[in-house]
Amino acid sequence: TMLIGHDVNGKHVLEPSAGSGSILNHINSLGGITSACELNKELAEIIKGKAKFLRHDFLELTKEESSHFDFIIMNPPFSQDDKHILHAWEIAPEGCTIISLCNWETLDNKYTSRRTRIGSLIANNGNKRNLENCFSTSERKTDVEVGMVTLFKPGSKSDFGDYFDMGPDEIEEQANGL
């Protein structure tokens, strides 16, 4: 469900809270080039066999470390989902797509400034979808209503921007060229 309409083949994908690697396994099977963070030391050892391991705490990852990602795809701890979504937005390069599962209450109940900010980001740069209690029969069961946020960071991933844009007013007249 998370990747419907998105092609990760050959794309650089970050999974910030990789857990045992279920999302990574799926992205790898689709040809994604994966990197990950995982706070739990034992799970991090498992992740190191599935993706390039960046660091334990995603919330300490910098813009410089994440400047090459096409996608940030995550299922963060729901107790920290707002922090993870906002941090992903802060460090995502232009042109990056962020897809995150979260507690639906994070999206539906805007009683904190972080949740209000996420609401604004969604309104201006993406969408949200209620997946209801889709984890009620999963390996790690929960009856929490799950939301999915998709954000697109405006801009282009080009390192050169408009540097090579030779518009009509920038082409030099050369009367006696070589």
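Per residue, how much accessible area does region 39-148 have with a 1.4 Å probe, in Å²?
54 Å²
First select every other residue whose beta carbon is under 11 angstrom from the beta carbon of Trp104; then total the charges, Lys and Arg +1, Asp and Glu -1.
-3
Let me check something: with ligands and nucleic acids excluded, how do Thr34, Thr1, Thr62 order by accessible area (1.4 Å probe), largest to smallest?
Thr1, Thr62, Thr34
If you project the alpha carbons of region 27-77 onto their three principal axes, what span does each projection cover, largest first, in Å?
Between the extreme Cα coordinates on each principal axis of region 27-77 lie 26, 25, 19 Å.
Could you tell me what fraction of 2.2 N^0.38 Å the Cα radius of gyration of region 40-123 comes to, as a two-decimal ratio?
So region 40-123 has a normalised radius of gyration of 1.15.
What is the spin-label model distance, in nm, from Asn28 to Ser67 if the labels are put 7 Å beyond Cα along the C-beta direction?
2.8 nm
Using only the Cα atoms of region 1-155, construct the convex hull and provide its projected area averaged over every direction, in square nanometres to one decimal.
Mean orientational projected area (region 1-155, Cα hull): 8.6 nm².
Want the number for Leu131 to Arg114: 0.36 nm per residue separation, take away the alpha-carbon distance, what's left?
So the chain would gain 4.0 nm between Leu131 and Arg114.
Within the set of other residues whose C-beta is less than 15 Å from the C-beta of Leu39, count the net charge using Lys and Arg as +1 and Asp and Glu as -1.
Charge balance near Leu39 sits at -3.
The values are calculated or read from the model by the stated rules, or taken from the named source; none is laboratory data. Computed from a prediction, not measured in an experiment: that's the story for all the values here. Heads up, the Cβs are rebuilt from the backbone with ideal geometry, glycines too, and the neighbour counts pull from every protein chain shown. The protein model used for the area step is the full one, side chains on, heavy atoms only, and it has no ligands, DNA or RNA in it. Shrake-Rupley method; radii C 1.70, N 1.55, O 1.52, S 1.80 Å.
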